[in-house]
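Some notes on the structure that comes next.
The values are calculated or read from the model by the stated rules, or taken from the named source; none is laboratory data. Since this is a predicted model, take the numbers as computed values, not measurements. Using ideal geometry, Cβ is built from the backbone for each residue, glycine included, and neighbour counts are taken over all protein chains shown. Remember, those area values only see protein heavy atoms, side chains included, never the ligands or the DNA or RNA. Shrake-Rupley method; radii C 1.70, N 1.55, O 1.52, S 1.80 Å.
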Amino acid sequence: MNQDKIWNAFQNDPQLLRRFEAKPRLLSLIARIHPGQAILNIGVGDGSFEAMAQARGLDISSLDPSAQSIERLREQYGLGLKAQIGRADKLPFPESAFDVVVMSEVIEHLDDAAVAGTLKELERVLKPEGCLIGTVPADEDLLEGQVVCPHCGTQSHRWGHLQSFSRGRLNAILSTSFAQVAISRHYFADVARLNWKGRTFRVMKRMLLRLGVRGTGETFVFEARRT
């Protein structure tokens with residue numbers, strides 16, 4: 001599977017981007033960040049997080065393997081060298097550079113070796129007591145997302161997911177590098193894009209989650225702090 005092609009397509013094709021409802025998820029993360037903190041966003045999507053950060057006067061840097069995405073951020077938001085092409089397990093940033101690192105819908109795209117390398121790099125670039133915040137799909141069944149390429153016959157996940165996380169597994173992985181880990185389960189949907197049926201479904205999903213009833217299409221939000 002060529003992850004670069006998948007990410008480049010989904011991040012730069014407006015038709016594909018329309019399928020994802022990132023705004024509520026990203027707003028929930030940026031609400032956890034305080035003014036004056038230096039932030040690194042890994043995996044830039046369509047640049048919505050960078051726009052939100054700048055609107056709040058936050059000091060934002062960005063990393064993505066897609067050169068096209070990074071060039072767009074540099075031009076659109078004037079980030080210059082604060083936006084870098086690269087991978088999470090080999091961060092092109094100095095030690096103790098950031099108060100917060102954001103990884104929203106990224107870790108599920110990494111294999112085990114890349115996850116381990118990423119956590120080591122996060123320890124390096126985060127300041128003492130710095131924080132990693134992010135999201136992953138909750139209890140995803142990877143087989144349900146399997147598709148077959150009509151050209152070559154290769155089977156892969158439709159969005160390039162390589163990992164599935166239960167709350168326990170996510171906690172165990174993050175705890176190898178972070179002393180304080182908090183995980184919560186959410187259902188995100190952009191109300192502005194929903195009709196009355198979608199809004200009713202959203203209300204029901206959120207009520208069921210409060211009662212401890214879990215379903216599909218939900219998200220783990222995590223926060224892990226360095227010692």
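Return yes when residue 202 is in contact (Cβ under 8 Å) with a residue 24 or more places away in the chain and open to solvent by 40 Å² or more (accessible area, probe 1.4 Å) and no when it is not. Show your work before the answer.
Values: in contact (Cβ under 8 Å) with a residue 24 or more places away in the chain: no; open to solvent by 40 Å² or more (accessible area, probe 1.4 Å): yes.
Against the criterion (in contact (Cβ under 8 Å) with a residue 24 or more places away in the chain and open to solvent by 40 Å² or more (accessible area, probe 1.4 Å)), residue 202 does not qualify.
Hey, any hits in the range 195-214 for a residue that's among the hydrophobic types (A, V, I, L, M, F, W, C) and in contact with a Phe, Trp or Tyr (Cβ under 7 Å, 6 or more places away or on another chain)? Steps first, answer last, please.
First pass over the range 195-214, keeping only residues among the hydrophobic types (A, V, I, L, M, F, W, C): 196, 201, 203-204, 207-209, 211, 213.
Narrowing the set further to residues that are in contact with a Phe, Trp or Tyr (Cβ under 7 Å, 6 or more places away or on another chain) leaves 209.
Yes: the range 195-214 contains one or more residues that are among the hydrophobic types (A, V, I, L, M, F, W, C) and in contact with a Phe, Trp or Tyr (Cβ under 7 Å, 6 or more places away or on another chain).
Tell me, yes or no, whether the range 137-146 has at least one residue that is at positive phi and modelled with pLDDT of 95 or more. Walk me through how you get there before you give the answer.
Looking only at the range 137-146, we keep the residues that are at positive phi, and these are 139.
Now drop any that are not modelled with pLDDT of 95 or more, which leaves 139.
Scanning the range 137-146, I find at least one residue that is at positive phi and modelled with pLDDT of 95 or more, so the answer is yes.
Anything in the range 172-215 that is closer than 27 Å to residue 131 by Cα, of a type in the set (Val, Ile, Thr) and not in a helix (DSSP H, G or I)? List them, or say none.
Answer for the range 172-215, where residues must be closer than 27 Å to residue 131 by Cα, of a type in the set (Val, Ile, Thr) and not in a helix (DSSP H, G or I): 176, 181, 183.
For (1) touching a strand residue (DSSP E or B) at 6+ places or on another chain (Cβ under 7 Å); (2) of a type in the set (Lys, Arg); (3) under 18 Å from residue 64 (Cβ atoms), each residue gets a yes or a no:
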site: 110; (1), (2), (3): no, no, yes
site: 114; (1), (2), (3): no, no, yes
site: 117; (1), (2), (3): no, no, yes
site: 123; (1), (2), (3): no, no, no
site: 134; (1), (2), (3): yes, no, yes
site: 138; (1), (2), (3): yes, no, no
site: 142; (1), (2), (3): yes, no, no
site: 151; (1), (2), (3): no, no, no
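Which one of these is modelled with pLDDT of 95 or more and in contact with an Asp or Glu (Cβ under 6 Å, 6 or more places away or on another chain): 107, 60? First the steps, then the outcome.
Values: 107 fails: in contact with an Asp or Glu (Cβ under 6 Å, 6 or more places away or on another chain).
Only one candidate passes the filter, namely 60.
Filter the range 45-70 down to residues that are open to solvent by 10 Å² or more (accessible area, probe 1.4 Å) and assigned to a loop (DSSP other than H, G, I, E, B) and give me whichever is nearest to residue 126 (Cα to Cα).
This residue is 58.
Of all residues in the range 162-183, which are open to solvent by 20 Å² or more (accessible area, probe 1.4 Å) and within 15 Å of the chain's Cα centre (by Cα)?
Within the range 162-183, 162, 164, 183 qualify.
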